[in-house]
Structure formats: C-alpha cells, structure tokens
1. Quick one: net charge around I29, please, counting Lys, Arg +1 and Asp, Glu -1 for every other residue with C-beta under 15 Å from its C-beta.
2. How far apart, in nanometres, would the label points at A36 and I21 be if each is projected 7 angstrom from Cα along the Cα-to-Cβ direction?
3. Based on other C-beta atoms within 10 Å, arrange T62, T6 from fewest to most.
4. Please compute the length gained on full extension between R114 and Y44, using 0.36 nm multiplied by the number of residues separating them and subtracting their Cα-Cα distance.
5. For helix 110-124, what angle does its Cα long axis make with the longest principal axis of the chain, in degrees from 0 to 90 and rounded to 10?
6. Take every Cα-Cα distance within the range 1-123, group them into 10 Å bins from 0 onward, and report for each bin the whole-number percent of pairs it holds.
7. With runs of 4+ DSSP H residues as the only contributors, calculate the mean residue ellipticity of the chain at 222 nm using -39,500 (n - 2.57) per run, divided by the residue total and rounded to the nearest 500.
8. Please work out the FRET efficiency for the pair K125 and Q96, using the Cβ-Cβ distance as r and a Förster radius of 22 Å; give the result to the nearest 0.05.
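Derivation of every value follows stated rules applied to the coordinates shown; laboratory data play no part. Source: prediction; values computed, not measured. Positions of Cβ are generated from backbone atoms using ideal geometry, with glycine treated the same way; all protein chains shown enter the neighbour counts.
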Amino acid sequence: MGYKITSLPELYDLLPEEERIIVDILRQIVKETLPAYCREKISYSVPFFYGHKGICIIWPSTVPRGGIKKGVLIGFWYGCKLEDVDNYLKHGSNKQIFYKIYTTPEEIDEKAIRKLLKEAVALDKQWPVR
C-alpha cells in the first residue's frame, strides 16, 4: 500500500473482514462515548479521534507503520497520563501512546474501553482550547 487513505470507505475496502468488524465495533464504542465536541478524522490513514488534542486512534494491522503484525490496535494518544487503574493498556516502545490489540471481535471489552475513554476525555478537557 503506497498511497494514503483519506476516507472510511477506502479503509474498509482495504481491510480483511475480521479487521473491518473490529474497527467498526471500536469506532462505535468511541463515537458513543466521546462528547459532542470531539471529532473523528482519517489521519495516518486510520481513524483518529480528537477533542482539544488527540484522544485515541484505531489502527488495523493491514495499514502499514502501525507497528503491529496482527489484529487491530486502539491507542490512547496520552495513555501515559491515564491512571488506567485496571492495567488494561500495554505500554510499548512509544512512551506516550498506550494501547490494546484485539485479534477477534469477542476480545473487545466495551466496559474497559469506555472507562478509559471517559478518563481520556477528562484529561482532554484540561487542555486549553485552541
């Protein structure tokens, strides 16, 4: 894949079915949980959600440069600043973005994701509005 994805239909056309389902479920959870001032855009060829600053990113392994070989990653842009009391997120080589990778839709823990999103939004609301 040498080109840049600029829309969701383009992304969905590219993904294998299992990844498309996982991305779809994760996007629904994020969109239902984030407040109205937050937005989604395609950035780095993947769904990126932001408020005053970045909140989270959903990165399927099919899209290059995500650093994962299988499944779909949900990464919290300022994961390093989240308490994550349940230790749900993994801390990889990126010191800022903490993440979780799903290889099947059944692995998705909606409650855990919503809890982290609410914490990420509380953090986002502390940033000055640009």
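1. -1
2. 3.5 nm
3. T6, T62
4. Details: separation 70, 0.36 × 70 = 25.20 nm, distance 2.35 nm.
Full-extension gain reported as 22.8 nm.
5. The angle comes out near 60 degrees.
6. 13, 50, 33, 4
7. Rounded to the nearest 500, it is -9500 deg cm²/dmol.
8. 0.75
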